[in-house]
There are 2 protein chains.
Amino acid sequence: MAGVLTPQAEDFPRWYQDVVAKAELAENGPVRGTMVIRPYGYAIWERMVAEMDARIKACGAQNAYFPLFIPLEYFQREAEHVEGFSPELAVVTVGGGKELEEPFAVRPTSETIIGEYMAKWVQSYRDLPLLLNQWANVVRWELRTRLFLRSSEFLWQEGHTAHATYEDARNYSVRILHEAYEDFMVQVLAIPVQVGLKTAAERFPGAINSMCLEGMMADGKALQMGTSHQLGQNFARVFDMQFSDADGQQQLCWTTSWGTSTRMVGGLIMGHGDDRGLVVPPRLAPIQCVVLLVKDEDGAGDTAFRLANELNKAGVRVQVDNRVDTSFGRRAVEWELKGVPVRVEVGPRDLAEGKVTLVRRDTGAKEAVAVDGIAGRVADALTAVQDDLREEARALRDARTVDVATIEEARDAAQTGFARVPWSVLGVEGEQELAKGGVSVRCLQREDGGLAFSSAEPGLSALVARAY
Amino acid sequence: MAGVLTPQAEDFPRWYQDVVAKAELAENGPVRGTMVIRPYGYAIWERMVAEMDARIKACGAQNAYFPLFIPLEYFQREAEHVEGFSPELAVVTVGGGKELEEPFAVRPTSETIIGEYMAKWVQSYRDLPLLLNQWANVVRWELRTRLFLRSSEFLWQEGHTAHATYEDARNYSVRILHEAYEDFMVQVLAIPVQVGLKTAAERFPGAINSMCLEGMMADGKALQMGTSHQLGQNFARVFDMQFSDADGQQQLCWTTSWGTSTRMVGGLIMGHGDDRGLVVPPRLAPIQCVVLLVKDEDGAGDTAFRLANELNKAGVRVQVDNRVDTSFGRRAVEWELKGVPVRVEVGPRDLAEGKVTLVRRDTGAKEAVAVDGIAGRVADALTAVQDDLREEARALRDARTVDVATIEEARDAAQTGFARVPWSVLGVEGEQELAKGGVSVRCLQREDGGLAFSSAEPGLSALVARAY
């Protein structure tokens, strides 16, 4: 089955494209940079949505929905915001066959329009904090696009909150970062992300601080997988988000915003994939176990469905593949391409001995196991794959992250992974210097790994890398 | 608490607006005709999505996602489709600060773009049926808009399927109509919809047959709550959706499309609401039971949370209202406005006798019930409310549906409800005649209530009404 995919070592970007196409995850849309997400790719996204949505709600935020169309004037109110997003706007100028008097933008993000409504809804300190989230599509007119990683339209969630104090806003943006995003990425996606503070150069347009989660991909490059922004009072000021405090004084709100997107599907592909295709961690997988019927002889077909039923009752997301008119090898390759974490092969030869073959996608390890008690064996295998994927990713990340003392060393080390260099050595000028070579500061971190809230804090390290 | 809402009898459209605003369901967006869906309105929509999504998946369809932007040229391929949708398109002409060489439309519906991709994916009869669905926002540039009922952007699901034969396509479009849509609307929304065939005048642009589900609102007008279309080979022909059959011959596919939207929230409001506000059927309700703490004295607060915990464990979607600094009456009115089906009032006076007060939103009936075994009593009340809402809606619908013999009688009867008139009496000319007076044919039905597949069938009745 060689030649299904370009090997990673030969051409990593090509390998990525091959996986996206052959695992039937997505295709390019007809309008430049847009994306068609196929059923299997969308099923993975639905699982991400379910897991993230539960975590966001557990942090107290409620879902809502704001319009796709935003008046251009809204963007102009916040100077950095308009500068950051104007070059990326798609603008509607014709509606109902007529030229519009006031053209409007297709939302690239919703701080402005949500700020406008929050200002109406917040009157008193009793209305705070106001914790909102929306699942939506957004559009950014990108020049160079790549499926899932950078597309002109993508799907995401964007959280927007308003608070009475700086501290409350900061704490909530940090809570989302850890309890919603990091927990999901590490425990479910099995990608041990680095969490830190963006430099001023990489900050969200209009934020006072941006925090991020950076995953290491199989080629050693970084992928920003989520961000959480402290917006200070910048948007509150221009959208007049005032509340009366306990003493009856008018105060400006403090706001946050935070987002994760279909980009995480790209992170999944490059974080765990190998030369046989995608590898989906069991806790995320829309199909955790495929029961693969080898031949429909001697009651093997009945057994396959009976085992699937047993697995389903045990809470395993299972699917039967009984397409015996297609060769077994071809079907096995297909499930490997799709990264289904565990495969149970049911054939008459094994069954004669009361056994089936259990195959792990990550290691390829095969084991003959008894038909009786299959659910427990599959559950154990799923747990093992989940843990091993996370620990393998962590080991690879740690092995490819080096501490360096100079800008030159940082640049060199970033060719194959992450480099950690003192921010006091690098600084804004060093950051610009690295940028010329395509290396960026992914985040700043405290020595103890704790979150920094200002790049002026002493003793910070800069984590630098090439990035998607 | 008089004066919270305009009474229905005084001004029904105003009552509707009041409910939408005061139950905090939605607001107008800044760009004309767009809609901000607030958390409580969105929670209702999320429940609709969950229930519908499960039914659609049970019918075998898989979710996918297609781009928001569609080349204008796609619309022009199907003559009726372009004629129907061109006047409603929002067009993007500027991207990334530059005039686009090829402007494109924001999707009003996705038959064209999905047809283009299905054509690539379908090669052989083995690839059929191809059953896809997407949850998405769509935009139609409407002149007169009303929140939920007709907005320029709305949220919906649109299913798109391809089949090998006319019969298979027809059967699937009927299956979705009954098993996904009618089942949800009758059993969950508690709205006993009328199911039937659209006349040629009301057909989806590009379909050979459109079927629909029509609910009767509290003012006797009809609301189209969902549609399922047989598209014949119209889109297959222009998007070249061919497959090789079992004999190796190239054949054109037969396709369907079907949709339901946030319009159903409007149907919920007008289908069950009363002068005290929204009434949400228990199976749909995001909050099925509110535990309302009267006063936090003599351990009443602890009891309220203990009961809520018990209800939650019993699978009831429950919320505690312990805002005792707001008057009890005001809070009771708020939960009535939001239509929460069952309220449990917990106060020290009742508790002294081991009791709490259980209140049904639909009837307003209050009953003192024992604290012990509260979960069973609430569950019974929820079942009763669900059944009574549906049967009350059915009784009202039947009482306001009359059989008539002439066009004049049909026009008169449609002022207060539905009229059923022989299609042989009405015909296309009669339909046009009625339309002048704002009365339309909602659907054609067989005498036995069965679905018709052609308006040429003998013995059909036309169900006519004023409609939203």
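The values are calculated or read from the model by the stated rules, or taken from the named source; none is laboratory data. Values in this document were obtained by computation on a predicted structure and should not be read as measured data. Reconstructed Cβ throughout: ideal geometry from the backbone, glycine too, with neighbour counts over all protein chains shown. The area values use the complete protein model at the heavy-atom level, side chains included, leaving out ligands, DNA and RNA. Shrake-Rupley method; radii C 1.70, N 1.55, O 1.52, S 1.80 Å.
When the other protein chains are added to the chain by itself, burial of at least 30 square angstrom of heavy-atom accessible area (probe 1.4 Å, ligands and nucleic acids ignored) affects these residues of the range B:60-85: B:Asn63, B:Ala64, B:Tyr65, B:Pro67, B:Leu68, B:Phe69. Across the range B:87-157, C-alpha contacts under 8 Å between residues 6 or more apart give a mean separation that, scaled by the residue count, equals a relative contact order of 29 percent. Of the trypsin sites (Lys or Arg not before Pro) found in the range B:278-352, none is in coil by DSSP with at most 11 other Cβ atoms within 10 Å of its Cβ. For chain A, leaving out every one of the GluC sites (Glu not before Pro) that falls in a DSSP loop and has at most 12 other Cβ atoms within 10 Å, the longest unbroken run is A:11-352.
With Cα atoms as the point set, the radius of gyration and Dmax of the protein assembly as shown evaluate to 29.4, 93 Å. To put it simply, the accessible area of the range A:62-112 at a 1.4 Å probe is 47 percent carbon and sulfur. Taking all protein chains together, A:Arg360, A:Arg237 sort by accessible area into A:Arg237, A:Arg360, largest first [probe 1.4 Å]. Overall, chain B carries a charge dipole of about 680 debye about its Cα centre when +1 sits on the Cβ of Lys and Arg and -1 on the Cβ of Asp and Glu, all other atoms neutral.
Here r is the Cβ-Cβ distance between B:Arg317 and B:Arg144 and R0 is 35 Å; the resulting FRET efficiency, rounded to 0.05, is 0.45. For the range A:175-266, chymotrypsin sites (Phe, Trp or Tyr not before Pro) meeting the loop criterion (DSSP other than H, G, I, E, B) and having at most 10 other Cβ atoms within 10 Å: none. Taking a ≥ b ≥ c as the square roots of the eigenvalues of the Cα gyration tensor, an a/c ratio of 1.5 or more together with a/b no larger than b/c marks the range A:260-339 as oblate.
Expressed as a rounded percentage, what relative contact order does chain A have, with Cα pairs under 8 Å and six or more residues apart?
It comes to 14 percent, rounded to a whole number.
Out of every Cα-Cα pair that the range A:172-256 contains, those further apart than 21 angstrom amount to 43 percent. Using the alpha carbons alone, the radius of gyration of chain A stands to its Kirkwood radius in an Rg to Rh ratio of 1.02. Its Cα gyration tensor gives the range B:9-158 an equivalent ellipsoid, and the semi-axes of that ellipsoid, as √(5λ) in whole Å with the largest first, are 31, 23, 14.
Please identify the trypsin sites (Lys or Arg not before Pro) of the range B:130-217 that satisfy two criteria: DSSP loop assignment and at most 15 other Cβ atoms within 10 Å. Which are they? Intermediate results must be reported in sequence, preceding the final value.
On the way: sites: B:Arg140, B:Arg144, B:Arg146, B:Arg150, B:Arg170, B:Arg175, B:Lys198, B:Arg203; in loops: B:Arg140, B:Arg144, B:Lys198, B:Arg203.
Answer by residue number: B:Arg144.
At a probe radius of 1.4 angstrom, the accessible area of the protein assembly as shown per residue rounds to 39 square angstrom.
When the alpha carbon gyration tensor of the range B:328-398 is reduced to an equivalent ellipsoid, its three semi-axes come out at 25, 15, 8 angstrom, largest first. Here the range A:152-194 and the range A:101-150 have alpha carbon centers that stand 16 Å from each other.
Interface residues of the range B:22-42, defined as a loss of at least 50 Å² in heavy-atom accessible area between the chain alone and the complex of all protein chains with a 1.4 Å probe, are B:Glu27, B:Pro30, B:Val31, B:Val36, B:Pro39, B:Tyr42. When A:Ser424, A:Ser454 are compared by accessible area at a 1.4 angstrom probe, the order from most to least is A:Ser424, A:Ser454.
Alpha-carbon geometry of the range A:1-82: the Rg and the Dmax are 19.2, 57 Å, given in that order.
Chain pair B, A: how much accessible area is buried, both chains summed, with a 1.4 Å probe, in Å² to 100? So the buried area, both faces added, is about 4100 Å².
Here is the P(r) of the range A:120-195: all C-alpha pair distances, binned every 5 Å from 0, give 3, 12, 15, 16, 18, 17, 10, 6, 2, 0 in whole percents. Label-point spacing at B:Ala9 relative to the other copies reads 8.5 nm, in ascending order, each point sitting 7 Å out from Cα along Cα→Cβ.
Interface residues of the range A:137-174, defined as those losing at least 30 Å² of solvent-accessible heavy-atom surface relative to the isolated chain (probe radius 1.4 Å), are listed as A:Asn137, A:Trp141, A:Glu153. Here the range A:312-413 exposes an accessible surface that is 47 percent carbon and sulfur, computed with a 1.4 Å probe and the other protein chains kept in place. Surface composition of the range A:139-286: carbon plus sulfur atoms contribute 42% of the solvent-accessible area (1.4 Å probe, protein chains only, all chains present). Can you show me the helix-derived [θ] at 222 nm for chain B, built from DSSP H runs with n ≥ 4 at -39,500 (n - 2.57) apiece and divided by the number of residues, rounded to the nearest 500. Taken over chain B, the calculation gives -10000 deg cm²/dmol.
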